[in-house]
Amino acid sequence: MARRSSKTPPPEDFEERIVDIDVVDEMRSSYLEYAYSVIYSRALPDARDGLKPVQRRILYQMHDMGLRPERGYVKCARVVGEVMGKLHPHGDGAIYDALVRLAQPFTMRVPLVDGHGNFGSLGNDDPPAAMRYTECRSASAAGLMVGSIDEDTVDFAPNYDGSEREPVALPAAYPNLLVNGSSGIAVGMATNMPPHNLVEVIAAARHLIRYPNADLAALMRHVPGPDLPTGGRIVGLDGVRDAYATGRGTFRMRATVAVEKVTARRMGLVVTELPFTVGPEKVVAKIKDLVNAKRLQGIADVKDLTDRQHGLRLVIEVKNGFNPEAVLAQLYKLTPMEETFGINNVALVDGQPLTMGLRELLEVYVDHRFQVVRRRSEFRRGKRRDRLHLVEGLLVALLDIDEVIRLIRGSENATQAKEALMDRFGLTEVQTQYILDTPLRRLTRYDRIELEAERDRLTREIEELTRILDSDAELRKLVSAELADVAKKYGTPRRTVLLESEGEQVDAVPLEVADDPCRVLLSSTGLLARASEEQAPFDQDAATRPEGAGGAKRAKHDVVVSAVPTTTRGEIGVVTSEGRLLRVSVVDLPQLAHSGAAPSLSGGAQVSEFVSLRPGERVLCLTTLDESSPGLAIGTEQGVVKRVVPEYPSNKEELEVIALREGDRIVGAAELRTGEEDLVFITSDAQLLRYPASQVRPQGRQAGGMAGVKLAAGARVLSFTAVDPAGEALVLTVAGGSGTLDDSLGTAKLTPFDQYPRKGRATGGVRCQRFLKGEDHLTFAWAGAAPARAASATGAPVPLPEPDPRRDGSGTPPQKPIAVVGAPV
């Protein structure tokens, strides 16, 4: 066929018509058509089933494809292709995005698609995989949405090209719009509806069915507020009430956070639930930006420990010296850990966008469900009437089957047979045709019994359906019962906590920990902790009684070998066996929990977590860094004594407090409180030397000390301590040797300190224990203030023997090996 050239003149009968249209009118009408298309066909959900057109088409097409929960998964690309080719005239990207959201448990309170593969993560931090990789099938709840759709329960309309038909709304066996919420932006309007709990929403719908005039307050007793898929907390319910009344309102969502001890040294904030649509990566990035900009203080580290097994877990370590509650208040204020949700309940009702409150939304759904159940009942009654009509005709034929056969055999053709049967038995054309189509093998006596039972059953069912259709009360009762079954089968507990108000004003909590007086304690097992001055972590009355002689039950790690007074934001020194003094920040130490249980330092942390120790080096005592104190007293294994001048430069983290001789090591150190203490040496050959600290001249940190005790050949110093002579004190010695009955225990002796006289410095002292047969040396020795507490190497309590007034008496076997002894603090 030849194409007319552009230069060819038009035919003679051609009449040119040019219509003048104002551009304003044309743009107005075109834009209104576009706006209506967006509102009605794309962006806003229908108030009846709570679905946008693309969502409805996905669920209906999956139902049509037979992708039920008990079937296998299929590629998402296949579902998208079927929806795009038959029902949805838009791009595959929009269809797949909608399908992904229907499968995300952190987006939908009741997911409608069962996804297999990567369907994204919370906050879209990890986008979903392409549809050629992922698979899907209908979720169990999707069956509730499309159930009974083949029973003429909803209207159908032509698709975009008229080749297919699609439902204008799904039957929806539960209020999907309220349960799963919706969000969308149309032209000139938008919708943003939060999810709710299925059980609560159905309870409200059933209440409205029973009491059609129920007010909002009665409905809110069943639906107190949204129930978000990600849990969290809703703070302040005034905006929720406004939204339920008018369709518009706002509320604040907060993360669920617990203050926990995340490391041995630090407290932290553990986030287990985030606000709706907020992902952990977004929170982590925002925190890091604020910390780098110095707008957020007190954060030491942020770790995202989220995984599939344990779910969301975001650990925010708080710097020592900062109140975790105050840091949390900053996080709520500056990060997405607290977000605002604006409710805008806009949905389509009879094709018109309306803003509705809770009652209106429930009314639209309940009316829709009434219509669905009524149409379903009419359809089922019609089907049963048609079947009953056929069964009754067949029963008529069975009453005189011989005559039926004779008439059929005597007829020239099927038409003549049909007319003969209709005239002879008074059957309708439908009944007659069914009789002719029925095989002879079914026309037996047994089949007659079955047909009579079926006739009775169909009659009862028709009567029941008629009763439902004729009675509004029966219809309401049926709809309410079906909703109750859905809630029972698919209901889950509430996830979101509703808070009427913020409760405690955390903004009033100071950000940094106050510089209050406290004490730092060191246990025999190397645990460090700080305790406030008001705390009394140790039962002094129980400590004064030796266990085994009516003493109270003790706890593990209850032996304190050193304690110093300080302040929370101050510093202390740690003296080691190699003559080093290491600085420790008090605020870094764990706070000792105040508990009514048996007192101990089990809540402390190992000292090695705060200072770096060399191989074989151990901590001997704690000391304040106050230069007004009398100083530090040190005793070595070779009998050297030294008083250290308290000069500790603040710019050095590590200091040498004594110049040790080759092969020598420190066996004891103690901070002098008054300078009036007695220094006590106890040697391995059971000699005890006691003399005033004033006999030792203070020396600088670089000095090597002076002679402290005179040692016999082969002897060494076992213990060096400082004892206040004005108070009650005790001396504990344990003897042992290769000839004892139990070399691991030996014999122990507890003696009052005042039984030992003072001697001059650098002398040999006096005997402190008489050896039994087989004993030739002391294995352990200690002198300190009463009462004395002993423990094993693991920190377990060890009972001590009764005090022996004889300074050179022999000992008695202890119940357990003694590794350390401490005095009260």
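Considering the stretch 51-171, its Cα convex hull presents a mean projected area of 7.0 nm².
Exceeding 31 Å between C-alpha atoms, which entries from my cross-link table qualify? They are Lys261/Lys489; Lys86/Lys282; Lys773/Lys816; Lys319/Lys652; Lys261/Lys282; Lys319/Lys556. Provide the component values of the computation, followed by the final result.
On the way: Lys261/Lys489 40 Å; Lys86/Lys282 39 Å; Lys773/Lys816 21 Å; Lys319/Lys652 22 Å; Lys261/Lys282 24 Å; Lys319/Lys556 29 Å.
Flagged as over cut-off: Lys261/Lys489; Lys86/Lys282.
Within a straight-line Cα-Cα reach of under 18 Å, Lys286 can be paired with the following aspartates and glutamates, leaving aside sequence neighbours fewer than 8 residues apart in one chain: Asp125, Asp126, Glu273, Asp301, Asp304, Glu317, Glu338, Glu339.
What is the angle, in °, between the Cα long axis of helix 280-292 and the longest principal axis of the Cα atoms in the chain? Nearest 10 is fine, range 0 to 90. It is inclined by approximately 50 degrees. Report, to the nearest 10°, how far helix 53-64 tilts away from the longest principal axis of the Cα atoms in the chain, using its own Cα long axis and a range of 0 to 90°. Helix 53-64 sits at roughly 80 degrees to that axis. Straight-line cross-link partners of Lys333 among the aspartates and glutamates, defined as a Cα under 14 Å from its Cα and at least 8 positions apart when in the same chain: Glu325, Glu502, Asp507.
Of the peptides 289-302, 718-731, the ranking by mean beta-carbon count within 10 Å, highest at the top, reads 718-731, 289-302. Summarising the overall dimensions of the stretch 261-407 from its C-alpha atoms, the Rg and Dmax are 33.0, 107 angstrom. Per residue, the average separation of C-alpha pairs within less than 8 Å and at least 6 apart gives the stretch 256-336 a relative contact order of 35 percent. Using the Cβ of Arg495 as centre and a radius below 10 Å, the other residues enclosed give a net charge of 0, where K and R count +1 and D and E count -1.
If you count, for each residue, the other Cβ atoms within 10 Å and average over each peptide, how do 514-527, 152-165, 807-820 line up from highest to lowest?
So the peptides 514-527, 152-165, 807-820, ranked by packing, come out 514-527, 807-820, 152-165.
For the stretch 401-479, run through the chymotrypsin sites (Phe, Trp or Tyr not before Pro) and keep only the ones in DSSP coil with at most 12 other Cβ atoms within 10 Å of their Cβ. Each step should come with its number before you reach the end.
On the way: sites: Phe425, Tyr434, Tyr446; in loops: none.
Listed in order of number, the matching sites amount to none.
Per 10 Å bin, what percent of the C-alpha pairs of the stretch 390-504 does each bin hold, from zero upward? Taking all Cα pairs of the stretch 390-504, the binned fractions are 11, 26, 17, 14, 13, 8, 4, 4, 2, 0 percent. The packing ranking, built from the mean of other Cβ atoms within 10 Å per residue, places the peptides 215-227, 363-375 in the order 363-375, 215-227, highest first. Multiplying each eigenvalue of the alpha-carbon gyration tensor of the stretch 122-269 by 5 and taking the square root yields semi-axes of 34, 26, 16 Å, largest first, rounded to whole angstroms.
Distance between the pseudo-spin-label points of Arg457 and Asp485 (7 Å out from Cα toward the beta carbon): 1.7 nm.
A full extension of the chain between Lys652 and Tyr160 corresponds to an added length of 169.0 nm, given 0.36 nm per residue minus the alpha carbon distance. Remark: spin-label model distance Arg494-Glu412 equals 8.2 nm, labels positioned 7 Å along the Cα→Cβ axis. Normalised by 2.2 N^0.38 Å, where N is the number of residues, the alpha-carbon radius of gyration of the chain equals 1.58.
Bear in mind that the values in this text are calculations on the coordinates, not laboratory data. In this text the structure is predicted, and so the values were computed from the model without any measurement. Neighbour counts run over all protein chains shown; Cβ positions are idealised from the backbone, glycine included.
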